[in-house]
Structures are given as C-alpha cells and as structure tokens.
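Structure first, commentary second.
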Amino acid sequence: MKLFLILLPFLPVFAKAQNADWREIQGKIDEAIKNGGSVQLTPNRIYTIDKPLIAAEWNGSEYQQVYFRMEGNGSMWDNGKSTTIVATFKDAPIFSIQKGKGCVIKGITFKGVYRAPDGLPHGKPFEAYGDPTCRDSRYSPYAAVCIDPFSGQLPPDGGYPSLKGWYRGSQTRGGSTGLRFEDCTFSNTTIGFITSPNGYTQNAEIITLQNIRIGECKAGIVGCQAQEKMNRVLNIGAWEKCHTLFVWNKYGAQESGNWIVDGVNIAGSVANILHRISHGWFPLYMSNVFAERVASIGIWESLVGDQLKNASINLYLPDQQFGLADFALSGGGGVEIIASMIRYYGHDDWPVLVPGSYKGVEEPRFTTGNGLKSLQNFNMFREQQLVVKEGRMAVRGNDPGMKPGQMVTFFHYANWDYLGQGIVSEVGKGVFYVTSLSPAVRNGGRFGVGRKKANDQ
C-alpha cells in the first residue's frame, strides 16, 4: 500500500507529459496547414502521445484540401537515434491525413503498443493472427499511418471509437493525392500504413512510400479501393514479425488499385509477401524482391496482367513450429513471373507447388496444378484414411524409390485436387512416415498420396 501511495502522485504528471507532446505536434500541424508550411520535429526526440494526430482542415461543412511538410531526423532503419512518435492507445491511427494534396512526411518513426503473438506467424490464418487487445476492424483498424480515414458517414463497423465526430459533412468521394513518405518506420500497430479504410472515399493515389521499414505488425502496407492509381513503394524492409507484408481485399472497400512495388527486403519473421486478388480492377507490378525466408509468396490472382519480376524468394524450411505451407503461391493464377528464383534453399529436389495458371512457372523447379493437371508428374499411391499422431502421418504402401527427405503430396481422394504436402522422415517395410505437414493435412483425413517422379526434371 505504501508503494501505491508513493507512485500515485506521479501518474498525473506522466499524463500531462503525454498530452503536452500531443498538443505540441498537433498545434504545429494545424499551423502548418494554415500557411502551407512545415513542421520540424526535434532530432532524436521521443514524443509520447495519448491521442491521435490528425492533419485535416474543416470549414464547417466539408474537409478542405491540405498541404504541409513534417520532418524528423530518422532514416528507414530505426536505430534508436531518430525522431519517434510513440502512441499509448490501441484503437485509432497514430497519424492521419484527410484529403492531403502533396504532403511530405520524412524521417519519423511511428510506434504503437501492438505486440505480436509468441512464435512465428507461419501457417496461421490472417484473420486469426494479431494482438487481440488492438483494434482490427475492417473500416477502422489500428494503424501507424492512415490516409483518408473519414467519410461523411460512419462506416458499418462504427468507425474509430474515439474519432466518431470526425465522420462528417456530405458523402463525397474526394481523397488524398500526391503524398510522399520517406525514411519512415511503421511499427507495433495492427497495420503499418493504410489508405481509405472508410470504404467510401476514393483517390488515395500517386502516393510514394520510399525507404520504409515495417516493424512488428499484422500487415505492413494495406490498400483498400480500386481508385488507388500509381501508388509506389520503393525500397522497403521487413525483418520483424509480420503476417503479410502487402494486403489488399481485406479492409475498407476490399478492392485492388494500381500499385508499383520496387525493392523489397524480407528477413526472418514474415509469413507471406502478399494477399491480393486483382480481379478486373488494376494491376500490381512487383520487382526486385529478396526474401531470405518466407512461408509462402501468399495469395495472388489477376485478370489484368499483374507481374512479379526479378525476385529471389527462399521458402522456409520446415521445422517443429509450423511445417510446410500448402502452396508456395496460390490464388488461381493470371500473374506473370519473370526472371525469378523461387525455391527451398538447399533442396532443389523439392517441387515448388503452384496451383493455377501462372505464366513463367514452366521452369524445372516448378510444378503447376489447378486440380493438378500435371498429375502425370507424380507417382500415385492409392487413397488412404490417414491419421496424424505426434506430428507425423503413417502412409501404407511399398515404394522402392521412397527415402527420407523426399517431399510427398496429398490429394483430395474424390477429385484428386492437390491439397498439401509433407516430408518423409522414415521409411519402413510397407510403410513410410511423413512429418512437416502443411496446414491442409495436419488433422489427417482421407487422401491420395504421391511424390514427384524420379525423371521429372
């Protein structure tokens, strides 16, 4: 009790300090918007705020276009010596721009209080992953930076709880254009950077994100609607826990706009590079990707000519935590893969399974599917009811070519659609055992089982 009485008088002081930092930055933003000026934040300083920072101008009936610059002394790599804005709340964007035109934000680390779950995110559904204490709602997720969070009406999820009064005015489509974020870090929020989550406004176009670091989060960069045109991500790094680095079709209007991604470096703890269904909207062009380790490329489907070019992608080798992914890339196809290497490092004999029609996957290291039309590339075993015990599955049948370390594939017993994969751990008389099972087959069931033919080059 004595300790409590000693600490209590300091709590209001801490709260006042947080409020003071917010008032200082928000006041400078408001002033800069009025005169088209700049906000110069203190080098190496850590600002702690307990309210969202919002760059917007309201004339009494609608939001006006705003322009300003805000700059700290940071680089894309948060080395502890950069201008940092730390938020103590969990249910709103740390920093938002509403109807910005040409705004420039440079050299700032935006950091929240999101904490990733223990273990790697590999093999976990996107919807089931994240910090449950932080807001993750379709039209109003917790984010480091949000472009055009508001429309004239509250969205179906009720909008950001602490910002309901900001959804106002006529229901117009106008949004932001020509923004630039440079040498920034987005970390410890559900979403790093998101455009137009409100589900109604458009624009959010010609945005450039250059020299960006993604820290711990659920999704790094999120697009929401089809009118996002010529948005560019140039040189991005992600080395911390992140389920999916680029996400479309999950938030806001759940559409896909035109994005160009050039220069991606992933190391260590990212499960998937992207989730995107382009449908008939607009294409994504992604190039110069280096992924040291990912569970999969992710889900990517297009009817409009999406491309992956000059990529070097190494898939995670299976371990005790998660096993293999069901697919290296899935979604149905329509994406062209150019001059790229996708492999299990050190295991060129393991096929990289890509269901669907993906142009450019005819190289030897790929095996294509879509109900596995390339079924002739696999020796087939008869269908079996397979049971998983202690993380491994026993498969009955003699196969003189089977040996430990080989990859085997599992098929739907009724229609022979490809389902998942695993690695042979042990071969016995009339039986072999499979571990590192991908999610689709971990619970056992009725499968057909096969492996790549020895002469399948």
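Just to be sure I understand, how many residues within region 390-426 are more than 29 Å from the chain's Cα centre (by Cα), of a type in the set (D, E, K, R) and either more than 23 Å from Gly123 (Cβ to Cβ) or not in a strand (DSSP E or B) (or both)?
Residues in region 390-426 being more than 29 Å from the chain's Cα centre (by Cα), of a type in the set (D, E, K, R) and either more than 23 Å from Gly123 (Cβ to Cβ) or not in a strand (DSSP E or B) (or both): 4 in total.
Pick out, from region 296-353, the strands (runs of 3 or more DSSP E) lying fully within it that include 3 or more residues that are buried (at least 17 other Cβ atoms within 10 Å of the Cβ), at pLDDT 90 or above and of a type outside the set (Asp, Glu). Spell out how you get there, then give the answer.
On the way: elements: 296-301, 307-315, 329-338, 341-344.
In region 296-353, the matching strands (runs of 3 or more DSSP E) lie at 296-301, 307-315.
Residue-wise test of (1) without any contact (Cβ under 8 Å) to a residue 60 or more places away in the chain; (2) open to solvent by 20 Å² or more (accessible area, probe 1.4 Å); (3) of a type outside the set (Gly, Ala, Ser).
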position	(1), (2), (3)
Thr42	yes, yes, yes
Asp50	yes, yes, yes
Gly60	yes, yes, no
Phe68	yes, no, yes
Asn73	yes, yes, yes
Asp78	no, yes, yes
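Which of the residues that make up region 271-295 are open to solvent by less than 10 Å² (accessible area, probe 1.4 Å), free of Cβ contacts under 8 Å to residues at least 60 places away in the same chain and part of a strand (DSSP E or B)? If you could, list the steps in order and put the result at the bottom.
Step one: of region 271-295, the residues open to solvent by less than 10 Å² (accessible area, probe 1.4 Å) are 271, 273-274, 276, 278, 284, 286, 289, 291, 294.
If we keep only those that are free of Cβ contacts under 8 Å to residues at least 60 places away in the same chain too, we end up with 273-274, 276, 278, 284, 286, 289, 291, 294.
Once the filter is applied, which keeps residues that are open to solvent by less than 10 Å² (accessible area, probe 1.4 Å), free of Cβ contacts under 8 Å to residues at least 60 places away in the same chain and part of a strand (DSSP E or B), region 271-295 yields Ile273, Leu274, Arg276, Leu284, Met286, Val289, Ala291, Val294.
Before we move on, is Ala204 in contact (Cβ under 8 Å) with a residue 40 or more places away in the chain, on the phi < 0 side of the Ramachandran plot, open to solvent by less than 10 Å² (accessible area, probe 1.4 Å) and touching an Asp or Glu at 6+ places or on another chain (Cβ under 9 Å)?
Criteria not met by Ala204.
Hey, among Lys99, Lys111, which residue is touching a residue at least 40 places away in the same chain (Cβ under 8 Å), of a type outside the set (Ser, Thr, Tyr), surrounded by 17 or more Cβ atoms within 10 Å (Cβ to Cβ) and over 25 Å from His243 (Cβ atoms)? Write out each step before concluding.
On the way: Lys111 fails: over 25 Å from His243 (Cβ atoms).
Of Lys99, Lys111, the one residue that is touching a residue at least 40 places away in the same chain (Cβ under 8 Å), of a type outside the set (Ser, Thr, Tyr), surrounded by 17 or more Cβ atoms within 10 Å (Cβ to Cβ) and over 25 Å from His243 (Cβ atoms) is Lys99.
Filter region 397-410 for residues that are at pLDDT below 85 and either basic (Lys, Arg) or in contact with a Gly (Cβ under 9 Å, 6 or more places away or on another chain) (or both) and give the result.
Gly397, Asn398
Are there any pairs with C-beta distances below 9 angstrom linking a residue in region 146-163 that is over 24 Å from Leu209 (Cα atoms) to a residue that is aliphatic (A, V, I, L, M) and at pLDDT 95 or above, with the two at least 6 apart or on different chains, and if so which?
Taking only residues 6 or more apart or on different chains, the pairs are Tyr160/Ala92; Pro161/Ala92; Ser162/Ala92; Leu163/Ile54; Leu163/Ala92.
Identify all residues within region 427-457 that are in a strand (DSSP E or B), touching a residue at least 60 places away in the same chain (Cβ under 8 Å) and either out of contact with any strand residue (DSSP E or B) (no Cβ under 6 Å at 6 or more places or on another chain) or surrounded by 17 or more Cβ atoms within 10 Å (Cβ to Cβ) (or both); write none if there are none. Step through it out loud before you land on a result.
Of all residues in region 427-457, those in a strand (DSSP E or B) come to 427-428, 431-435, 445-452.
If we keep only those that are touching a residue at least 60 places away in the same chain (Cβ under 8 Å) as well, we get 435, 445-452.
Listed by number, the residues that qualify are Thr435, Gly445, Phe447, Gly448, Val449, Gly450, Arg451, Lys452.
The values are calculated or read from the model by the stated rules, or taken from the named source; none is laboratory data. This structure is a prediction, so every number in the text was calculated from the model and none was measured. Reconstructed Cβ throughout: ideal geometry from the backbone, glycine too, with neighbour counts over all protein chains shown. Ligands, DNA and RNA are stripped out before the accessible areas are found, and what is left, the full protein with its side chains, is counted by its heavy atoms. Shrake-Rupley method; radii C 1.70, N 1.55, O 1.52, S 1.80 Å.
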